[in-house]
Amino acid sequence: MSAGERLAVGLVRGLHGLRGGLRVEILTDRPEQRFRPGARLFREGRDQPLTVASAAPAEPGWLIRFEELPDRSSVEELRGTYLEVLVEPGEELPRGEYYWHEVIGATVLDVDGRVLGSVIDVYRAGGAEVFVVRGEPYGEFDLPAVRDFIRVFAPRRGEIVADVAGLELSAPEPKRPRGRRSSKAGAVTGAPTATPADAASAGTSAAAKSPDGP
């Protein structure tokens, strides 16, 4: 990420009050800096800056107001959009640190060189990053970004080597085929099985929009 590019630092989740308040999911490690009064942000896809009038933590996110958007009707269209900042000269990450979006797509190998899949998402849990990996033979699994599990971390060359022995992974069971109805009314050969829905991973929007976090 170089100077002049944009990073997503927040996602507008909803509205608050009648004076243009926004409930924002924070996608940055530096919310006090990014959302300080007077800071300029951009809504995704727009070039006109928005000036922060006020901002304060309000779990699970922040409440933010912009000078240019003084009432509820003026912020209605921001619902569900990303708030972005320009990367300024000198804000580039130091060697060895990466933005989440740089990790998305990296191939994950085990210590024997076998491909386990690729990173499809990143989220934060308990103060540490967790990579969501999808591939064969384990399907989708979480890979904590800690030294106990990561042997090589080189996302810019598209490679992560993981020691997955401690993850206790197992291949997902194949789905059982639905039974076919017999010729007799009401009879079913082989009862159909229910497949649980996939759990939604936190930070999906963040990863997709170049979040402001290493």
**Item:** Test set (1) loosely packed, with under 13 Cβ neighbours inside 10 Å; (2) among the polar types (S, T, N, Q); (3) not in a helix (DSSP H, G or I) - residue 54 fails condition number
**Value:** (1)
**Yes/no for residue 41 being outside the structural domain of residue 152 (by TED's automatic domain parsing), buried (at least 19 other Cβ atoms within 10 Å of the Cβ) and not in a loop (DSSP other than H, G, I, E, B)** = yes
**Message:** residue 133 - would you say it is in contact (Cβ under 8 Å) with a residue 24 or more places away in the chain, touching a Phe, Trp or Tyr at 6+ places or on another chain (Cβ under 6 Å) and either among the acidic types (Asp, Glu) or within 30 Å of residue 165 (Cβ to Cβ) (or both)?
**Reply:** yes
**Asked** Taking region 146-174 as the search range and keeping residues that are part of a helix (DSSP H, G or I) and loosely packed, with under 12 Cβ neighbours inside 10 Å, which one is modelled with the lowest pLDDT?
**Response** 166
**Prompt:** Among (1) surrounded by 18 or more Cβ atoms within 10 Å (Cβ to Cβ); (2) in contact with a Phe, Trp or Tyr (Cβ under 8 Å, 6 or more places away or on another chain), where does residue 34 come up short?
**Reply:** (2)
**Prompt:** Just a yes or no: is a residue in region 39-59 under 21 Å from residue 129 (Cα atoms) and polar (S, T, N, Q)?
**Reply:** no
**Request:** Please identify the pairs in which a residue from region 13-29 that is within 25 Å of residue 123 (Cβ to Cβ) and touching a residue at least 24 places away in the same chain (Cβ under 8 Å) has its Cβ atom under 7 Å from the Cβ atom of a residue that is surrounded by 16 or more Cβ atoms within 10 Å (Cβ to Cβ) and among the acidic types (Asp, Glu), counting only partners at least 6 apart or on another chain.
**Result:** 13/25; 27/212; 28/212; 29/212
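Listed here are the residues, each with its yes/no results for (1) farther than 30 Å from residue 21 by Cβ; (2) surrounded by 14 or more Cβ atoms within 10 Å (Cβ to Cβ); (3) modelled with pLDDT of 90 or more.
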{"position": "62", "(1), (2), (3)": "no, yes, yes"}
{"position": "77", "(1), (2), (3)": "no, no, yes"}
{"position": "84", "(1), (2), (3)": "no, yes, yes"}
{"position": "102", "(1), (2), (3)": "yes, yes, no"}
{"position": "119", "(1), (2), (3)": "yes, yes, yes"}
{"position": "127", "(1), (2), (3)": "no, no, no"}
{"position": "137", "(1), (2), (3)": "yes, no, no"}
{"position": "141", "(1), (2), (3)": "yes, yes, yes"}
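The values are calculated or read from the model by the stated rules, or taken from the named source; none is laboratory data. Treat the numbers as computed from the prediction; the structure is a model and nothing was measured. Don't worry about glycine lacking a Cβ; one is built from the backbone with ideal geometry, like all the others, and counts go over all protein chains shown.
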